[in-house]
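The values are calculated or read from the model by the stated rules, or taken from the named source; none is laboratory data. Since we're looking at a predicted model, the values are computed, not measured. Glycine also receives a Cβ, built like all others from the backbone with ideal geometry; neighbour counts cover every protein chain displayed. Calculation scope for accessible area: heavy atoms of the full protein, side chains included, ligands and nucleic acids excluded. Shrake-Rupley method; radii C 1.70, N 1.55, O 1.52, S 1.80 Å.
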2 protein chains.
Amino acid sequence: MTGLRTDLYELRMAASYLRHDLTAPATFSLFARRLPDSRGFLVAAGLDEALTFLETFSFDDDELAYLRDNHGFDEPALAALAGLRFTGDVRAVPEGRVVFADEPLLEVTAPLAEAQLVETGLLNVITFQTTIASKAARCRLAAGGAELIDFAFRRTHGLAAGAGVARASAIVGFAATSHVEAARQYGLRPSGTMAHSYVEAFPDERAAFRAFAVDFPDNPIFLVDTYDTPAGVQAAVDVLTELGRSGPAGVRLDSGDLAALARQARTILDAAGLTQVQIVASGGLDEDVIAGLVAAGAPIDGYGIGTRMGVSSDAPSLDSAYKLVTYGDRPVVKLSPGKVTLPGAKQVFRDPAGSGGDVIGLHTEPSPPGREPLLVSVMRGGRRLDTVAAAEAVRVARDRFEADLAWLPESARRLAEPVPPAVTVSSELAGLHERVAAAARSGRTTTQSG
Amino acid sequence: MTGLRTDLYELRMAASYLRHDLTAPATFSLFARRLPDSRGFLVAAGLDEALTFLETFSFDDDELAYLRDNHGFDEPALAALAGLRFTGDVRAVPEGRVVFADEPLLEVTAPLAEAQLVETGLLNVITFQTTIASKAARCRLAAGGAELIDFAFRRTHGLAAGAGVARASAIVGFAATSHVEAARQYGLRPSGTMAHSYVEAFPDERAAFRAFAVDFPDNPIFLVDTYDTPAGVQAAVDVLTELGRSGPAGVRLDSGDLAALARQARTILDAAGLTQVQIVASGGLDEDVIAGLVAAGAPIDGYGIGTRMGVSSDAPSLDSAYKLVTYGDRPVVKLSPGKVTLPGAKQVFRDPAGSGGDVIGLHTEPSPPGREPLLVSVMRGGRRLDTVAAAEAVRVARDRFEADLAWLPESARRLAEPVPPAVTVSSELAGLHERVAAAARSGRTTTQSG
């Protein structure tokens with residue numbers, strides 16, 4: 001069903017591996033080569049969908065016929081693909097955890113062809129969701145205690161991406177999403193107010209606000225900037241007063257000088273005794289705009305953050321890679337300029353006390369005293385080790401993020417010119433890399449022991 | 001099935017409209033408020049998927065139960081949503097056509113609640129695909145006559161986005177895609193070579209190239225930068241010579257100084273009499289890198305363009321909007337700072353001779369002599385007027401793009417600091433806007449005739 005959701009070269013390589021009996025287990029490592037300039041850390045996300053992708057990876061008859069008729073795949077290759085399922089093992093950093101450049105987010109060990117075929121899908125899912133979670137985390141850092149709402153769905157990269165954005169932003173502490181289907185799927189709180197069209201469809205602003213307050217008496221939020229913002233706030237005050245409402249309500253500012261308008265709105269609301277009415281801001285927000293509003297002391301209680309978070313506008317992708325690190329008992333490297341890889345299956349050892357930076361070592365190394373290994377087994381023989389409901393997975397990931405955020409040094413948390421903590425390579429891994437790279441340069445190969 | 005693929009506020013507004021008998025036809029206009037800095041034009045894309053979205057928009061029982069149980073939708077609202085289908089009319093700019101800021105890409109006329117509910121989905125689909133097509137068009141402009149291949153799937157925003165990128169880049173003339181499922185779906189040419197892991201899985205580079213050339217005798221393309229690029233090119237030469245191959249083949253450069261390496265590779269290949277072997281470049285490419293390579297006279301025959309095109313890295317979204325312009329017989333405007341809208345259903349009148357800029361007028365205006373209207377009817381009463389196969393839709397859109405590209409002035413085509421042609425507003429539309437805005441400011445409303 002999903003077998004063609006891959007790059008053509010994966011299929012061609014897989015067929016060739018099978019023909020040449022290259023069927024030994026291979027380990028591939030998925031990691032970010034470097035952090036975007038403005039990132040002091042990444043938030044691991046996408047693992048749940050990645051495991052679902054692995055569990056369902058297979059070829060149906062139509063897909064096999066397409067490969068036969070259009071790409072010259074012969075019967076032995078088609079027969080091998082027809083029966084192919086992902087039967088490998090996966091170790092990964094759990095969703096919500098903070099990671100840095102070069103640290104494996106995920107490692108796959110499986111017969112070579114299987115591990116190769118899933119490259120495109122795994123890279124895609126992990127890169128996208130980690131990109132968005134990392135951007136959304138910066139919005140969270142900027143907002144202080146204010147509530148954050150995901151408003152991104154209308155400009156994410158396609159309809160399906162909207163749900164990924166809702167989920168990734170929920171992991172880093174967004175309180176709600178406008179995306180109803182994503183809210184249902186992941187157990188999130190959906191949130192929604194009104195659009196300018198609602199105001200315009202009524203004869204005037206007051207009529208629109210009155211109808212809305214009657215129809216949605218629990219916490220109605222009025223969009224006040226359609227014609228003139230202070231007049232819109234006054235209209236909201238008048239309607240709430242007229243209806244005798246003293247419960248939760250809000251006004252939303254969506255354009256103009258948000259700090260100044262928020263102060264004006266607060267003054268108007270307080271003068272009317274409506275101190276409980278909250279102010280929500282939206283419209284072109286990102287972490288930098290929010291940080292500016294917070295620094296200016298703007299009395300804003302919540303932020304609706306859309307496009308810039310949902311496409312991670314300043315860094316819409318990661319320089320992620322999925323690289324072969326071991327084939328059979330042979331560790332391998334790549335020496336391409338600027339893209340050198342480290343050999344062998346790996347582990348990341350973290351100091352929970354926070355004084356020492358992370359150490360990337362070999363999977364087979366013992367954990368140094370007092371260090372916590374980040375990668376855990378999540379799939380064995382093609383089956384997940386742990387199945388939790390979609391909503392529970394998000395909640396657990398959010399808890400992990402909260403704990404790691406508390407651990408993260410200020411230098412990595414700050415928005416401007418953040419500096420990630422030092423990540424070093426263990427002496428065992430460094431030694432192996434030296435031997436394998438020297439052998440590759442000389443055209444020889446080496447084995448794990450060599 | 002798709003009804004919850006929307007923002008919560010659309011559902012709340014729709015329920016409220018129905019309760020207040022606001023059921024007159026409304027026209028919404030979808031357009032980009034401004035072009036990103038580096039864009040001289042946009043390429044309309046996404047209409048085919050947008051129409052499918054409209055045709056399939058509906059609520060199933062589970063979705064209605066979710067709204068009842070979690071959001072307090074009452075029985076009349078649920079009954080209205082249960083039977084709701086999109087029954088409206090759509091006029092749109094056909095895919096592949098070149099457009100500019102403020103020009104409607106699409107206009108929807110439907111009973112208010114229907115037109116409101118589909119806002120999020122329409123904005124999402126059109127914004128995403130138009131963003132990518134417009135970025136890919138710049139790569140096309142940079143590459144001169146070289147062949148372009150979409151390599152983006154691994155880092156698009158989720159698995160579904162990969163197919164959208166393959167399609168959008170095909171519309172602007174990309175020759176092939178690595179994405180197999182997208183190739184099958186849209187009748188594109190799939191393309192694929194080998195990864196570094198393939199080279200590493202064999203005992204040495206020559207063994208890998210030999211196996212690949214035997215397995216894929218038609219136009220094998222060897223990835224030559226795993227260890228050392230000139231040595232890799234020589235290995236490709238040796239294997240082709242050893243196998244007596246003189247047909248189509250290629251080498252792919254994926255790292256390092258691509259211009260210098262391409263020259264070195266060309267020299268090695270030509271010295272061996274392999275003048276037919278092509279050179280393909282990949283790795284972090286975008287229009288600026290490609291323009292640099294072309295300017296340097298690098299002997300590169302094809303480019304594999306991935307992430308930066310697939311996420312439109314410098315401008316990953318558009319400032320798009322879906323705005324109410326008429327309700328019943330009443331044209332409406334929004335006066336929010338920086339986001340003022342023009343009232344009324346519109347048409348764009350283009351001068352095919354190219355000497356005069358586009359004019360945005362009212363839909364009801366007669367086309368000025370010699371001018372071509374850009375928006376055409378594509379859906380009436382909720383049904384498409386024209387159904388073509390997916391592959392045919394892409395081919396036709398590509399033809400439209402080729403024609404519009406030939407029409408586009410050089411000032412808008414250039415990569416650096418492009419200047420879009422002037423777009424003016426007809427005197428009829430300007431007059432209407434003045435009257436409606438004055439009325440809105442004074443709190444009165446107006447009608448089409450007023």
Calculated over segment A:60-194: convex hull of Cα atoms, volume per residue (Å³): 163 Å³
Within-12-Å neighbourhood charge of A:HIS20 [Cβ basis; K, R +1; D, E -1]: 0
Average other protein chain Cβ within 10 Å of Cβ, residues A:175-185: 5
More than 28 Å apart - percent of Cα-Cα pairs taken over chain B: 57 percent
Label distances, nm, B:GLN264 versus same residue in remaining copies, Cβ-directed 7 Å point: 6.4
Heavy-atom accessible surface that A and B bury in contact, both chains counted, 1.4 Å, Å² to 100: 8300 Å²
Estimated 222 nm signal from helices in the protein assembly as shown, with DSSP H stretches of n ≥ 4 weighted -39500 (n - 2.57), rounded to 500: -12500 deg cm²/dmol
Accessible carbon and sulfur surface of segment A:137-310 relative to its total accessible area, %, 1.4 Å: 50 percent
Fraction of beta bridges assigned by DSSP in chain B that are antiparallel (%, nearest 5): 60 percent
Cα lying deepest toward the dipole's positive end in the protein assembly as shown, options A:LEU261, A:LEU429, A:VAL239, charges on Cβ: A:LEU261
Chain A: angle of helix A:159-171 to the longest principal axis, Cα-based, in degrees nearest 10: 80 degrees
Those lysines that a straight Cα-Cα span of less than 28 Å connects to A:LYS346, excepting residues fewer than 8 apart in one chain: A:LYS135, A:LYS323, A:LYS334
Solvent-accessible area per residue, Å², over chain A with all protein chains present [probe radius 1.4 Å]: 34 Å²
Candidates A:GLU242, A:GLU402, A:GLU147, ranked by Gaussian network fluctuation over chain A, Cα under 10 Å, top entry: A:GLU242
Nm distances between copies for A:PRO369, ranked from closest, using label points 7 Å along Cα→Cβ: 9.5
Partner aspartates and glutamates for A:LYS339 [C-alpha distance under 14 Å; skip if fewer than 8 residues away on the same chain]: A:ASP102, A:ASP319, B:ASP225, B:ASP228, B:ASP254, B:ASP257
Which of B:SER38, A:LEU318, B:GLY361, positive extreme of dipole for the protein assembly as shown (C-beta unit charges): B:SER38
Among A:243-251, B:358-366, the order from most to least packed when residues are scored by Cβ within 10 Å on average: B:358-366, A:243-251
Peptide A:198-207, shielding by other chains (average Cβ, 10 Å cutoff): 6
Teacher prompt: B:PRO230 distances to equivalent labels in other copies, 7 Å Cα→Cβ, nm: 7.4
DSSP-assigned coil residues among trypsin sites (Lys or Arg not before Pro) in segment B:45-141, each with at most 13 further Cβ atoms within 10 Å: B:ARG85
Shielding by other protein chains, B:117-130, mean Cβ within 10 Å: 4
Counted charge near A:ASP301, where neighbours are those whose Cβ lies closer than 12 Å (Asp, Glu -1; Lys, Arg +1): +1
Rounded percent of accessible protein surface that carbon and sulfur make up, segment B:39-89, 1.4 Å probe: 46 percent
